[in-house]
Amino acid sequence: MPVSLARRGVWAVVAVVVLIILVVAGLPLVASTQIVRDRIAYQMSAWTGYRVRLDEAPRIRIWPSFEAVLDDVTLLDWNETEPHAVLDAERIEVNLSALAALRGEVVFTAMRFIRPVVRLREEGGRLSMPTPQQWGRLARSIDTAKQAVMTAPNSPDTRVLPNDSFGVVEFVDGRITAGSGETRNDIVTSLTGTLDWPSLNRQATLSAKGIWHGESISVSASSAQPLILLGGGAAPVTLSLQAAPANASFKGTASLTGDNFVDGQLSVAAPSLNRLIEWTRANLPIAGRIGPVSVTSRLVGDMRRIKFENTTLDLDSSTGKGVVDMNFDNGRPLIAGTLAFDTLNLGALINAFSPLDAAIPSGRGTPVKMKGGGIDFDLRFSAVNATYGKAALTNVAAAIKVRDGLVTFDVSDATAFGGRMQFGMRADQAATSVEISMMGEQIDADKLPAGVGYKALTPQAKANFTLMLKGKGRDFETVLQTADGSFSASCGKGTVTGLNLDAFLKSSEEGGFFPLVAFEEGSLPIEGAEVKASIVKGIAQIDEAEARSGPYLLALDGLVPFAGRGLALYGSLTAPKGTDPRLEAPLTFFVGGSWSTPFVAAFSAKGE
């Protein structure tokens, strides 16, 4: 190799090394002379449209990347008399373009906010940020998108959108607060995430984690045309939220201005409906404890009306399909719709809306609060098969309405206990008054009490009955203890299990108290029976109760208090003269004890 050529190569290498040394050595000089506080503040203000205040001069780092470190940064609105802070951060680390810095320019490539606080305004129940100046680069870009949307709402021209580089924005341990004046409350805390938006005309992706209402949440969102979305046009959107109380996702199109139109597939799943409501602090009239719930639906609508099409609702092992609307026209949301179930847990459904404990009364008096609610409901349900506790029902038609403090639940038709059943409940939450009605036609009389766990002295026969109650209270026990109303029932030919006439007469002759449970293996054939009772302040007064068995007539009167499930009845057993020598005179007796374990004491059975 010629000596001159080798020398020229060495000098080239030396020149490159010297250039690198000069650049590295010159960057701090450039930074200290041209990339000053006002220049960085100007660029941040030019992007955001807010006033930027830097309490300290930037610190410049060369390695491992060229960046400026800004301490105590505040973004404010342009109110001259009383400026409001929009965002403040303990520190902002700004990645800068080294080549642009050598030209005396400030070009951000990435920003990292350390412990930022976003301060939202709360006015009339709505959250908002102070409006930035329209000369801000983001605001101008959004205006350009708005013009494109106005020119062609269904297919805006994305070629006119600005292609300014935006970069990556990270935030660490941030907070979002809301309030007015000095009173502020945290909405989200421990907020950490990344907004990746390479340029304004390209896709933007957000991923973040934080704490909302005491639960850790993970949120991700993306849009192929974020500027069109911000400019009022419809753009593709994907959104997902993951938290212990619920997981939710949406994929479709949306518009964030005007009436906020959405059209896409929604999916929500929660291990407990009650926990979900408590977590979101939704003002819903859910009274009892509801287990897992999930909803999948096509969501179409805007802020005035949202339609849930092709909805599948899984509620406590019940699956229903149908259409549901949510209407906001009257200021108070109304959810209305129809859902059809193959199998429906009727107890869970009643539990979801009833102001009372949906469980069959057990004597424990468990209180369940009547809840108000900021939402009205008008929902109709049908089910091929349904269950309520131990009872099985078929061909059920039901409706639930919640409006202006009045909750109504109606089963207008159902096949149950071998016959037809109807049930209704109305609760006025303001007056804490509750009306309950129940009717049955040609039901198997022994199956209805068995369905609620009561088996003693029930006739095996077809029966009709009507029950009407009206009371006050916030739990089932209190309503029963204050109820007024009536009860009537009649049944045809059959048998009464647990009542043996011969054993009954023999025990009566022996005197003293004896339990009716002693006659479990016996039965009494009857031609028919009727019961009529008036209910006053939670006590059923037997007006008429008769059962005829061949020549024998069994009659009862007395009191049956709902509180304590006690009995205080007087009865008589008679037969025509000459029919049975044991009943030449009526046998009178007293029935006491409780509904589940009644005792009898006979008074007289005098012969001639």
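Do we find a residue being touching a residue at least 40 places away in the same chain (Cβ under 8 Å) and either of a type in the set (Gly, Ala, Ser) or farther than 25 Å from THR311 by Cα (or both) anywhere in region 258-273?
yes
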- [ ] Determine whether VAL219 is farther than 24 Å from MET111 by Cα, without any contact (Cβ under 8 Å) to a residue 60 or more places away in the chain and among the hydrophobic types (A, V, I, L, M, F, W, C).
- [x] no
- [ ] Kindly provide the set of residues from region 130-167 that are surrounded by 14 or more Cβ atoms within 10 Å (Cβ to Cβ), in a loop (DSSP other than H, G, I, E, B) and touching a strand residue (DSSP E or B) at 6+ places or on another chain (Cβ under 6 Å), ordered by number.
- [x] PRO130
TODO: Return the total of residues in region 26-54 being at pLDDT 80 or above, not in a helix (DSSP H, G or I) and not hydrophobic (A, V, I, L, M, F, W, C).
DONE: 4
Open item on the list: Among (1) within 30 Å of the chain's Cα centre (by Cα); (2) assigned to a loop (DSSP other than H, G, I, E, B); (3) of a type outside the set (Val, Ile, Thr), there is one condition SER207 misses while meeting the rest; what is its number?
Closed with: (2)
TODO: Would you mind finding the one in GLY592, GLY578 that is small (Gly, Ala, Ser) and outside any loop (DSSP other than H, G, I, E, B)?
DONE: GLY592
- [ ] State which residue is nearest to VAL407 (Cα to Cα) when the search covers only region 419-471 and only residues that are touching a helix residue (DSSP H, G or I) at 6+ places or on another chain (Cβ under 6 Å) and modelled with pLDDT of 85 or more.
- [x] VAL434
Task: Contacts under 6 angstrom Cβ, first residue in region 385-404 being over 17 Å from LYS447 (Cβ atoms), partner hydroxyl-bearing (Ser, Thr, Tyr) and crowded, with 17+ Cβ neighbours inside 10 Å, 6 or more apart - done: ALA397/SER382; LYS401/THR408
Task: Criterion: under 21 Å from LEU393 (Cβ atoms), touching a residue at least 12 places away in the same chain (Cβ under 8 Å), out of contact with any Ser or Thr (no Cβ under 9 Å at 6 or more places or on another chain) and of a type in the set (S, T, N, Q) - qualifying residue of THR415, THR408 - done: THR408
Task: Search result, residues across region 555-582 that are buried (at least 16 other Cβ atoms within 10 Å of the Cβ), farther than 19 Å from VAL531 by Cα and touching a helix residue (DSSP H, G or I) at 6+ places or on another chain (Cβ under 8 Å) - done: ALA575, ARG582
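Go through the residues of region 498-511 one by one and say whether even a single one is closer than 17 Å to LEU448 by Cβ and touching a strand residue (DSSP E or B) at 6+ places or on another chain (Cβ under 9 Å).
Checked against the condition, which is being closer than 17 Å to LEU448 by Cβ and touching a strand residue (DSSP E or B) at 6+ places or on another chain (Cβ under 9 Å), region 498-511 yields at least one hit.
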Task: Count of region 170-222 residues which are loosely packed, with under 15 Cβ neighbours inside 10 Å and in contact with a helix residue (DSSP H, G or I) (Cβ under 7 Å, 6 or more places away or on another chain) - done: 2
Task: Failed criterion for SER255 (all others in (1) surrounded by fewer than 18 Cβ atoms within 10 Å (Cβ to Cβ); (2) closer than 30 Å to VAL160 by Cα hold) - done: (1)
Open item on the list: List pairs: first residue in region 151-172 and among the aliphatic types (A, V, I, L, M), second residue part of a loop (DSSP other than H, G, I, E, B) anywhere in the structure, Cβ distance under 7 angstrom, at least six positions apart or on different chains.
Closed with: LEU161/LEU200; LEU161/ASN201
Task: Yes/no for SER572 being over 30 Å from THR482 (Cβ atoms) and either under 46 Å from the mean Cα position of the chain (by Cα) or part of a helix (DSSP H, G or I) (or both) - done: no
Open item on the list: I'd like the residue in region 142-187 that is acidic (Asp, Glu) and closer than 20 Å to TRP47 by Cβ and, out of all such residues, is modelled with the lowest pLDDT.
Closed with: ASP164
Open item on the list: Given the condition part of a strand (DSSP E or B), modelled with pLDDT of 90 or more, among the acidic types (Asp, Glu) and within 23 Å of ASP404 (Cα to Cα), answer yes or no: does some residue in region 308-326 qualify?
Closed with: yes
Task: Pairs where the first residue, in region 82-96, is of a type in the set (S, T, N, Q) and the second is part of a loop (DSSP other than H, G, I, E, B), C-beta under 8 Å, 6+ apart - done: ASN95/SER65; ASN95/PHE66
Open item on the list: Within region 168-184, take every residue that is among the charged types (D, E, K, R) and part of a strand (DSSP E or B) and give me the one that is farthest from ALA89 (Cα to Cα).
Closed with: ARG184
Task: Number of positions in region 326-337 that are over 16 Å from the mean Cα position of the chain (by Cα) and surrounded by 15 or more Cβ atoms within 10 Å (Cβ to Cβ) - done: 3
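The values are calculated or read from the model by the stated rules, or taken from the named source; none is laboratory data. In this text, all values refer to a predicted model and were calculated from it rather than measured experimentally. We place every Cβ from the backbone using ideal geometry, glycine too, and count neighbours over all the protein chains shown.
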